[in-house]
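Undergrad: Here you go, one structure.
The values are calculated or read from the model by the stated rules, or taken from the named source; none is laboratory data. Owing to the predicted nature of the structure, the values given are computational and were not obtained by experimental measurement. We place every Cβ from the backbone using ideal geometry, glycine too, and count neighbours over all the protein chains shown.
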């Protein structure tokens, strides 16, 4: 069942389901910096997913944020053109488990311009892809991820093409998500295209139990 809904930035996931954002104002393709807050007591589940041009029989760009064994992961798959050669994607993981029923803030970015200090002591601009958890940088890689082209819609919850991949063992997310935004464009995702499955709006609660 699909519910046409508007407004509200807190969502409760109770199994199979997703929230789909069209994100017309964030058609950013190669570079992005997303942020959201979540809380759960489950060990696994897909929290966020987006992709490039989908094709069932060919590889294509996609990225996801998911829990596995309680750790939050950011995975970017960036295959070369025509699937020839090796991928130049990214995988980062939190240093601690985060399925403690408390709110956590996670940020993930790709091809973000950052200023770093070189070995010679000078500040230089570089391109980075990485993962930030509760304000701490936990994983980062230098260098441009060439050819990344990820477009709306942006999805909270299960991957719509889950059956196409081995990652289906991760399963559906159960918990709360709120304040999903893209920081480069200062865009807050408050009006979603639709919600499907076992998802509803929620009111943010204290760091005790998922509401």
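Undergrad: When you scan the range 1-74 for strands (runs of 3 or more DSSP E) that lie fully inside it, which ones turn up with 1 or more residues that are more than 19 Å from residue 105 (Cβ to Cβ) and at pLDDT 75 or above?
TA: Qualifying strands (runs of 3 or more DSSP E): 10-21, 45-51, 62-68.
Undergrad: A follow-up question, please. Just the residues that are within 16 Å of the chain's Cα centre (by Cα), within 17 Å of residue 38 (Cα to Cα) and surrounded by 17 or more Cβ atoms within 10 Å (Cβ to Cβ), please, taken from the range 171-201.
TA: 171, 172, 173, 174, 175, 176, 177, 178, 180, 181, 182, 189
Undergrad: Scan the range 182-211 for residues that are part of a strand (DSSP E or B) and either at pLDDT below 70 or touching a helix residue (DSSP H, G or I) at 6+ places or on another chain (Cβ under 9 Å) (or both) and jot them down.
TA: First pass over the range 182-211, keeping only residues part of a strand (DSSP E or B): 182, 187-188, 194-201.
Once the filter is applied, which keeps residues that are part of a strand (DSSP E or B) and either at pLDDT below 70 or touching a helix residue (DSSP H, G or I) at 6+ places or on another chain (Cβ under 9 Å) (or both), the range 182-211 yields 182, 187.
Undergrad: Looking at the structure I just gave you, is residue 92 under 24 Å from residue 172 (Cβ atoms) and either out of contact with any strand residue (DSSP E or B) (no Cβ under 9 Å at 6 or more places or on another chain) or surrounded by fewer than 16 Cβ atoms within 10 Å (Cβ to Cβ) (or both)? Quick ask: steps written out before the conclusion?
TA: Values: under 24 Å from residue 172 (Cβ atoms): yes; either out of contact with any strand residue (DSSP E or B) (no Cβ under 9 Å at 6 or more places or on another chain) or surrounded by fewer than 16 Cβ atoms within 10 Å (Cβ to Cβ) (or both): no.
Judged against the criteria, residue 92 is not a match.
Undergrad: So is residue 75 over 18 Å from residue 42 (Cα atoms), surrounded by 13 or more Cβ atoms within 10 Å (Cβ to Cβ), within 18 Å of the chain's Cα centre (by Cα) and free of Cβ contacts under 8 Å to residues at least 40 places away in the same chain or not?
TA: yes
Undergrad: Oh, and also: Taking the stated definitions as given, is residue 116 assigned to a loop (DSSP other than H, G, I, E, B), exposed (fewer than 15 other Cβ atoms within 10 Å of the Cβ) and either touching a strand residue (DSSP E or B) at 6+ places or on another chain (Cβ under 8 Å) or modelled with pLDDT of 80 or more (or both)?
TA: no
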